[in-house]
Amino acid sequence: MRRADGRIETISVTIPAGIEDGKKLNLRGQGEPSPSGGSPGDLLITIRVAEHPHFRRHGEDLEVSVPVTLAEAALGAKIDVPTPQGEISLKIPPGTSSGKRLRLKKLGVPNGKGGHGDLYAEVRIMIPDALDEESLELVRQFDKRRGLQPRADLKW
């Protein structure tokens, strides 16, 4: 930091685990002295938490989007999922739809009291951009057999 007299000073600060964006840290006695020559005041530091490329934060909870294939969602699978603590194996239940949120307890943000929030893995079914005619026909046959009406309850 640059002091009022132009000196540059380095101050070490311990950032508490799990601190939220916009919170302030008060460093007692690390500020500038009062103009009348009194003791130094406090230095206030505003915390800015950068966004993560994969995790979204909601308080103590985290969310991560997890891409899966149609087969993994329909048949169920075990997949590797990133967490802040490292990769874990997550079971995708058979018949999982896109948008389903799977809760991973205590793998979220530390709360400063010894606990953690949760991590929610949101399933995103990925379909290839281009399907050959045989694959398209298999999808048509599957759709005919199931007869699913996903918008039947919607009132337009």
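The values are calculated or read from the model by the stated rules, or taken from the named source; none is laboratory data. This structure is a prediction, so every number in the text was calculated from the model and none was measured. No Cβ is skipped: glycine too gets one built from the backbone with ideal geometry, and neighbour counts run over all protein chains shown. Note: areas computed on protein heavy atoms with side chains; ligands, DNA, RNA excluded. Shrake-Rupley method; radii C 1.70, N 1.55, O 1.52, S 1.80 Å.
How long are the three semi-axes of the equivalent ellipsoid of segment 112-156, in whole Å, if each is the root of 5 times an eigenvalue of the C-alpha gyration tensor, listed from largest down? It would help to have the intermediate numbers written out before the result.
On the way: eigenvalues 277, 76, 18 Å².
The equivalent ellipsoid of segment 112-156 has semi-axes of 37, 20, 9 Å.
Gaussian network model of the chain, Cα springs within a sub-10 Å range: biggest mean-square fluctuation belongs to which of Leu119, Leu75, Leu138?
Highest fluctuation of the listed residues: Leu138.
Computed over the Cα atoms of segment 1-151, what is the ratio Rg over Rh, Rh following Kirkwood? Walk me through the numbers on the way to the answer.
Numbers: Rg = 25.2 Å, Rh = 20.0 Å.
Taking Rh as the inverse mean 1/r over Cα pairs, Rg/Rh reads 1.26.
Compute the angle between helix 133-146 and the longest alpha-carbon principal axis of the chain, please, reported from 0 to 90 degrees and rounded to the nearest 10.
Around 80 degrees separate the two axes.
From largest accessible area down, sort Asp153, Asp118, Asp21; use a 1.4 Å probe on the protein chains. Working shown, then result.
Details: Asp153 140, Asp118 20, Asp21 85 Å².
These residues rank, largest area first, as Asp153, Asp21, Asp118.
Looking at the chain as a GNM with Cα springs under 10 Å, which of Arg103, Arg145, Arg124 has the largest mean-square fluctuation?
Comparing Arg103, Arg145, Arg124 in the GNM, the peak value goes to Arg145.
Just read off the accessible area of Phe55 with the full protein assembly in place, 1.4 Å probe, to the nearest 10 Å².
Phe55 exposes around 30 Å² with every protein chain in place.
Cross-link candidates for Lys105: which lysines have Cα within less than 24 Å, leaving aside residues fewer than 8 places away along the same chain?
Lys78, Lys91, Lys113
In percent, what relative contact order does the chain have, based on Cα pairs under 8 Å that are 6 or more apart in sequence?
Numbers: 234 pairs, mean separation 27.9, N = 156.
So the answer I get is 18 percent.
Could you give me D for segment 87-140, from Stokes-Einstein at 37 °C and 0.692 mPa s, where the hydrodynamic radius is the Kirkwood radius over C-alpha pairs? Units µm² s⁻¹, please. Provide the component values of the computation, followed by the final result.
Values: Rh = 14.2 Å.
The estimated diffusion coefficient comes to 232 µm²/s.
Comparing Leu104, Leu27, Leu62, which has the greatest mean-square fluctuation in the GNM of the chain with Cα pairs linked when under 10 Å apart?
Of Leu104, Leu27, Leu62, the Gaussian network model singles out Leu27 as fluctuating most.
Just to confirm a number: summing +1 for Lys and Arg and -1 for Asp and Glu over residues other than Leu62 whose beta-carbon lies under 15 angstrom from that of Leu62, what do you get?
On the way: positive: Arg56, Arg57, Arg101, Arg103, Lys105, Lys106; negative: Glu20, Asp21, Glu51, Glu60, Asp61, Glu63, Glu87, Asp118, Glu122.
With Lys, Arg at +1 and Asp, Glu at -1, the neighbours total -3.
Could you order Arg3, Arg151, Arg28 by accessible surface area, starting with the largest, using a probe radius of 1.4 Å? Mind showing how you got there, number by number?
On the way: Arg3 25, Arg151 150, Arg28 190 Å².
Descending order: Arg28, Arg151, Arg3.
Which order do Ile45, Ile15 take when ranked by solvent-accessible area (1.4 Å probe, heavy atoms of all protein chains), largest first? Mind dumping the intermediate values first?
Details: Ile45 50, Ile15 85 Å².
Order by accessible area, largest first: Ile15, Ile45.
Taking every DSSP beta bridge with both residues inside segment 43-156, roughly what % is antiparallel (nearest 5)? Let's see the in-between values first.
Numbers: 14 of 22 bridges.
Taking every DSSP beta bridge with both residues in segment 43-156, the antiparallel ones total about 65 percent.
May I ask you to list the residues of segment 114-134 whose amide nitrogen lies under 18 Å from a point 7 Å from Cα along the Cα→beta-carbon direction of Leu154?
125
Which trypsin sites (Lys or Arg not before Pro) in segment 48-88 sit in a loop by DSSP (not H, G, I, E or B) and have at most 13 other Cβ atoms within 10 Å of their own Cβ? Walk me through the numbers before you get to the answer.
Details: sites: Arg48, Arg56, Arg57, Lys78; in loops: Arg48.
Answer by residue number: Arg48.
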